[in-house]
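The values are calculated or read from the model by the stated rules, or taken from the named source; none is laboratory data. This structure is a prediction, so every number in the text was calculated from the model and none was measured. Neighbour counts run over all protein chains shown; Cβ positions are idealised from the backbone, glycine included. Keep in mind that these areas ignore ligands, DNA and RNA; they rest on the heavy atoms of the full protein, side chains included. Shrake-Rupley method; radii C 1.70, N 1.55, O 1.52, S 1.80 Å.
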Amino acid sequence: MNKNNAEAGIEIKEKPAISHASKLANARYFKSWGAFSVFCVALVTTPLLIRLTAPNVRSDLMVHASLAKSMTEDGGGISYSIWYVIFRLATLGSEDVKVMRIGVIAIAIACIAAKTIIAYIIATKYITSLKVSAFIAISISFVMPIIDPLDVSQLFLGKINPNIYHNATNILVAPFALLAWYFAAKFIKFPSYWNAGICALWILISTLCKPNYSLALLLVLGVAVLLLFVKKKVNFTRALILGLISCTPTALLLYIQSINIFLSETVRESSLEVSLFKTFSAYQTNISLSLFLSLLGPVLIWAACTRQKRSSPEFLISYLTLAVAVIELVLFAEILTKQGRPSYDWFWGANTALMVVFFAGMILLFQKIEQTPSRNVFDRCIHMFVLISISLHLGSGLYYIFSVGKTFPAWHW
């Protein structure tokens with residue numbers, strides 16, 4: 001205790017040194033909850049993937065596998081998803097159905113495990129309880145739109161879905177979307193050239209996996225960098241360089257991808273239209289109900305969080321990216337030339353964005369719960385109400401996982 005503090009009557013206690021044995025015990029405890037998270041998710045999703053790749057089940061998984069050779073040769077491995085290249089390498093170019101099926105399942109399980117581990121590690125940076133972090137990491141693999149009690153068979157089509165396990169490229173992009181969001185938020189909080197470069201790297205990788213999420217995230221990130229200058233956190237020159245570093249690589253890749261898809265027609269024949277609700281209405285007749293069932297949990301999380309938490313970069317980037325993705329879904333339509341109908345593709349950005357929103361929202365919600373005094377009954381009741389809504393999303397997701405490809409074909413969901 002120094003002289004000034006002694007005179008003031010303040011006693012300062014130094015934190016006891018943590019022994020090497022304690023550090024090892026904490027590390028084992030940390031790893032055990034991470035391993036538990038992966039085990040729980042794998043235990044549920046592995047039988048699902050085996051079911052969805054069965055010969056009698058219609059799903060995108062084996063369709064993607066059968067298209068891998070032509071997509072790779074035609075440039076689809078870069079223009080649409082690097083999954084096709086990874087799959088061809090993993091299966092050594094085999095066209096044997098059994099080998100292809102094993103390859104699809106193995107890549108999907110690896111991506112799901114990576115997503116769970118990444119979610120767990122990121123959650124522990126915000127939440128003190130490892131059990132809660134594990135719960136969040138497990139939950140974001142199962143949340144889905146709330147079931148419409150009048151039509152339980154339509155949980156997938158026409159709704160915004162955080163988790164879709166019958167599509168290989170959607171599974172691939174999930175862990176990298178989480179990393180892109182996390183490092184984008186870190187970059188905005190600490191705007192350095194290094195953080196801008198790391199942010200750019202993960203957004204670029206996410207775009208290579210599946211470009212839809214990046215189409216929304218890049219716009220939000222560009223505006224965020226501009227606000228750094230407007231709020232005088234950085235000068236104009238620095239803001240310009242930060243913007244170029246963080247956004248230019250992905251913007252160039254998206255430009256190349258769009259040319260290959262819409263102009264060269266080597267990947268598929270389609271055209272882009274600006275048409276209000278054309279894509280949405282092709283898959284859903286009651287759009288307002290669809291949005292309500294898809295977004296109820298995240299909206300209630302937003303309402304329950306304080307203004308301070310809602311203004312955090314993590315919260316703003318996740319929610320604004322979802323808003324932009326939904327606007328893109330409403331505004332644009334990719335028309336398949338041969339079929340003459342809108343493709344589902346504009347849903348994918350909103351689907352991934354909603355998964356990230358659930359993750360970011362649950363982290364900030366549980367942070368608020370940890371910080372709320374037990375005597376604050378009103379806030380506790382609000383938290384309970386929000387947790388009930390999240391449990392409805394979780395219950396619907398588990399119903400989807402245990403039913404899709406069994407009771408109903410995957411594409412009909």
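A few notes on this one:
- Single match in 212, 195 (criterion: of a type outside the set (A, V, I, L, M) and under 24 Å from residue 393 (Cα atoms)): 212
- Scanning the range 50-78 for residues that are more than 30 Å from residue 254 (Cα to Cα) and either open to solvent by less than 50 Å² (accessible area, probe 1.4 Å) or assigned to a helix (DSSP H, G or I) (or both) turns up 50, 51, 52, 53, 54, 57.
- Residue in the range 198-207 that is over 19 Å from residue 122 (Cα atoms) and either in contact with a Lys or Arg (Cβ under 9 Å, 6 or more places away or on another chain) or part of a helix (DSSP H, G or I) (or both) present: yes
- Filter result for residue 176 (farther than 21 Å from residue 87 by Cα, open to solvent by 10 Å² or more (accessible area, probe 1.4 Å) and either among the aromatic types (Phe, Trp, Tyr) or in contact with a Gly (Cβ under 6 Å, 6 or more places away or on another chain) (or both)): no
- In the range 256-277, the residues that are within 28 Å of residue 290 (Cβ to Cβ) and modelled with pLDDT of 80 or more form Cβ pairs under 7 Å with partners that are charged (D, E, K, R) and open to solvent by less than 40 Å² (accessible area, probe 1.4 Å), at six or more places apart or across chains, as follows: 272/334.
- Annotation: of all residues in the range 335-351 being open to solvent by less than 10 Å² (accessible area, probe 1.4 Å) and of a type outside the set (Phe, Trp, Tyr), the one that is nearest to the chain's Cα centre (by Cα) is 351.
- For residue 398: the one exception among (1) hydrophobic (A, V, I, L, M, F, W, C); (2) in contact with a strand residue (DSSP E or B) (Cβ under 9 Å, 6 or more places away or on another chain); (3) farther than 30 Å from residue 225 by Cα: (2)
- Residues (β-branched (Val, Ile, Thr) and modelled with pLDDT of 90 or more) located in the range 332-381: 352, 356, 357, 363
- Residue match in the range 137-146 (condition: assigned to a helix (DSSP H, G or I) and either within 12 Å of the chain's Cα centre (by Cα) or at pLDDT below 95 (or both)): yes
- Applying the condition of being assigned to a loop (DSSP other than H, G, I, E, B), under 12 Å from the mean Cα position of the chain (by Cα) and not hydrophobic (A, V, I, L, M, F, W, C) to the range 153-173 and asking which residue is surrounded by the fewest Cβ atoms within 10 Å (Cβ to Cβ) yields 163.
- Among the candidates 119, 113, the residue that is closer than 26 Å to residue 161 by Cα, out of contact with any Asp or Glu (no Cβ under 9 Å at 6 or more places or on another chain) and open to solvent by 20 Å² or more (accessible area, probe 1.4 Å) is uniquely 113.
- Filtering 252, 289 for residues that are of a type in the set (A, V, I, L, M, F, W, C) and surrounded by 13 or more Cβ atoms within 10 Å (Cβ to Cβ) leaves a single hit, 289.
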